[in-house]
Every structure is written in C-alpha cells, then in structure tokens.
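**Q** Can you keep this structure in mind? I'll have questions shortly.
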Amino acid sequence: QVQLVESGGGLVQAGGSLRLSCSASEKVLNFNDMGWYRQAPGNQRELVATITIGGTTNYADSVKDRFTISRDGAWRMLYLQMNNLKSEDTAVYYCNTSPATIHFWGQGTQVTVSS
C-alpha cells in the first residue's frame, strides 16, 4: 500500500509563508506527475499545483505567482512553497499523483490563515 505523508502546515497570518512537504515512495515520485490538492470545509477537493516528471509546473489561477511546487534532487520529497497566504488558502492540503491515482490519500496537513 502506497503511503503519502504530508507535513508542514500550521497557523499563519495573512501575508505569511509556509512550506509543505510530502513524503512518498521513490517509485511514486519518480514515475508520476505529482500534484498538491486542498480541501476547505464544505468544498470539494481541488488541484492547486502540478509538476510533471520533466519538471514542468502548472498552477490554479487562485495560487499562481504565490505558490511554487518542486521536488528534491533525489525525488523522494514533494514540496509546496506558499507565499503571501490569504484567508481563502485555509484548507487541508494533500499530495497525490496528477491525476490522483493513489486511492488511499494521506492524512493531509492543515493550513489556517488568519486575517
């Protein structure tokens, strides 16, 4: 069973920054396009950022120019650098392949932005 483990969330004031991390197996991270997703209370889970095997990134309009997705050199970790956070970024953040093919999602990491 593939495990996805997200970390790095927390409480931050509007305008602040956080860096999220996702740990997954080398097989998952090295052979799949990856994505960060988020789910706010009462909303469906949405895709906010993707990175292809080749390193091409893509972002939802709502986070463009504020969030940066990346992998580390050994491709065992996936990151999401979040700058200039807004209250509407408050959500639980998850990682998965893109599109999401891993059935068992991780526990996610809570990001709360206070205004």
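**Q** Tell me, what does the Kirkwood hydrodynamic radius of region 1-41 come to in angstroms if you use every pair of distinct C-alpha atoms?
**A** Values: mean 1/r = 0.0807 Å⁻¹.
About 12.4 Å for region 1-41.
**Q** Between Ser62 and Gln81, what length comes free when the chain is fully extended (0.36 nm per residue of separation minus the Cα-Cα distance, one decimal in nm)?
**A** 5.4 nm
**Q** In addition: Can you work out the FRET efficiency for the pair Val2 and Gln44, with r the C-beta to C-beta distance and R0 = 22 Å, to the nearest 0.05?
**A** Result of the calculation: an efficiency of 0.45.
**Q** Run the numbers for His103 and Arg19: contour at 0.36 nm per residue of separation, minus the present Cα-Cα distance, in nm.
**A** Values: separation 84, 0.36 × 84 = 30.24 nm, distance 2.47 nm.
Extending this stretch completely gives an extra 27.8 nm.
**Q** Label region 66-115 by shape, choosing from rounded, prolate and oblate, from the square roots a ≥ b ≥ c of the eigenvalues of the Cα gyration tensor; if a/c is under 1.5 it is rounded, and otherwise prolate applies when a/b is larger than b/c, oblate when it is not.
**A** Values: a/c = 2.53, a/b = 1.41, b/c = 1.79.
Cα axes put region 66-115 in the oblate bin.
**Q** Calculate, for Phe31 and Ser115, the FRET efficiency according to 1/(1 + (r/R0)^6) with r their C-beta to C-beta distance and R0 41 Å; round to the nearest 0.05.
**A** Details: r = 40 Å, r/R0 = 0.99.
The calculated FRET efficiency here is 0.50.
**Q** Using every alpha carbon pair in region 41-93, what percent of pairs falls into each 10 Å bin from 0 up to the bin containing the largest distance?
**A** So the P(r) values, bin by bin, are 21, 52, 24, 2.
**Q** Let me ask something else. Ignoring ligands, DNA and RNA, what percent of the 1.4 Å accessible area of the chain is carbon and sulfur? Walk me through the numbers on the way to the answer.
**A** Details: 2910 of 6110 Å².
Roughly 48 percent of what the probe reaches on the chain is carbon or sulfur.
**Q** Find the Cα radius of gyration of the chain, compare it with 2.2 N^0.38 Å by division, and give the number to two decimals.
**A** 0.98
The values are calculated or read from the model by the stated rules, or taken from the named source; none is laboratory data. Since the model is a prediction, treat every value here as computed from it, not as a measurement. Note that each Cβ is placed from the backbone with ideal geometry, even for glycine, and that neighbours are counted across all protein chains shown. Surface areas here come from the heavy atoms of the whole protein model, side chains and all, with no ligands, DNA or RNA. Shrake-Rupley method; radii C 1.70, N 1.55, O 1.52, S 1.80 Å.
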